[in-house]
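Input: a single structure, listed below in C-alpha cells.
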Amino acid sequence: MEKQTREEIIDFLKSRVRNIPNFPINGIQFKDVTPLFSTEESLNKLSDALTSTYKDKKITKVVGIESRGFIMAPILAMNLNAGFVPIRKPGKLPADVLEESYEKEYGVDKIQIHKDALSPNDIVLLHDDLLATGGTMLAAYNLVRKSGVKEIYINFIIELEELNGRKIFPQSVDIEALIKFEI
Ligand code: AMP
C-alpha cells in the first residue's frame, strides 16, 4: 500500500469527526471526536499525526485538560517519553493546588493543577481536544505559567477557525491544531 501524505491523513481524520447540530444547545455545531478514537486505524493515525510535531521539542510533561483532553494527552506523553499531568475542575485533585478562574458564557469557571506537578525545568505540551473561543486553554496556559516552567507548547485536535480563539493568546505562543473547521 502506498504511504499516505500528512494532508491525506489529516483529511481522513477530518472525515471521522462527526458534526452534531444543536448540541448541547441550539445554535452549537458540536464536533464529536469519539469516532476518531473508536478504530485502531484512526486512533493510530491521530496519535502519530499529533505526536510528530513535537518529536524534537524535548517535552518533559504533557498536561491534559479535563475531560476530553484526558484521552490523547497520556498517549502523547507515552509517545514523547514524557509524564502526564491533569488539569481538573475544582474539588477533584486531592493535594495542594494552584487555581485559575475564567469567564464562561454564563458565569465564572475554575480549573486547578497540583502545586508540585510541574517544575522549572519542565518543557510542557498543553493539550485539549478543541479550540473554540480559547477561554479554557488560556486559563490552562496561565495556570501552567504560574507553575513556573521553562517553555509551553499548545496543541489541539480541532480548531474552529471562525471563532478566532488563537487571537487571545500572546503572539509568541506556539499553537498547533491538526484539523481545521470554519465553525
Ligand atoms: P473554548 O474555551 O470556547 O475554547 O471551548 C473549548 C472547550 O469546550 C473544549 O474543551 C471543547 O471540548 C468544548 N467545546 C467548545 N465548543 C465545542 C464544539 N463546537 N464542539 C465540541 N466541543 C466544544
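Quick note: the coordinates plus some simple rules give every number you see, no bench work behind them. It should be emphasised that the depicted structure is a prediction, and the values quoted were computed from it without experimental measurement. Backbone-built Cβ (ideal geometry, glycine too); neighbour counts: all protein chains shown.
A few points about this structure:
- Pairs of Cα atoms farther than 22 Å apart, the chain, %: 45 percent
- Ellipsoid equivalent to region 1-77 - semi-axes via the Cα gyration tensor, in Å: 24, 19, 10
- Inter-label distance for residue 57 and residue 4, nm, one decimal - labels placed 7 Å from Cα along Cα-to-Cβ: 2.2 nm
- Projecting the Cα atoms of 86, 108, 156 onto the charge dipole of region 57-181 (Cβ charges, centred on the Cα centre) puts 86 farthest toward the positive pole.
- Evaluated over region 58-137, the count of Lys pairs having alpha-carbon atoms less than 15 Å apart is 6 (only pairs 8 or more residues apart or interchain).
- Computed over the Cα atoms of region 62-139, the ratio of the radius of gyration to the Kirkwood radius (Rg/Rh) comes to 0.96.
- The distance from the alpha carbon centre of region 72-95 to that of region 98-114 is 18 Å, rounded to a whole number.
- Among 49, 171, 124 - extreme Cα towards positive end, dipole of the chain, charges at beta-carbon: 124
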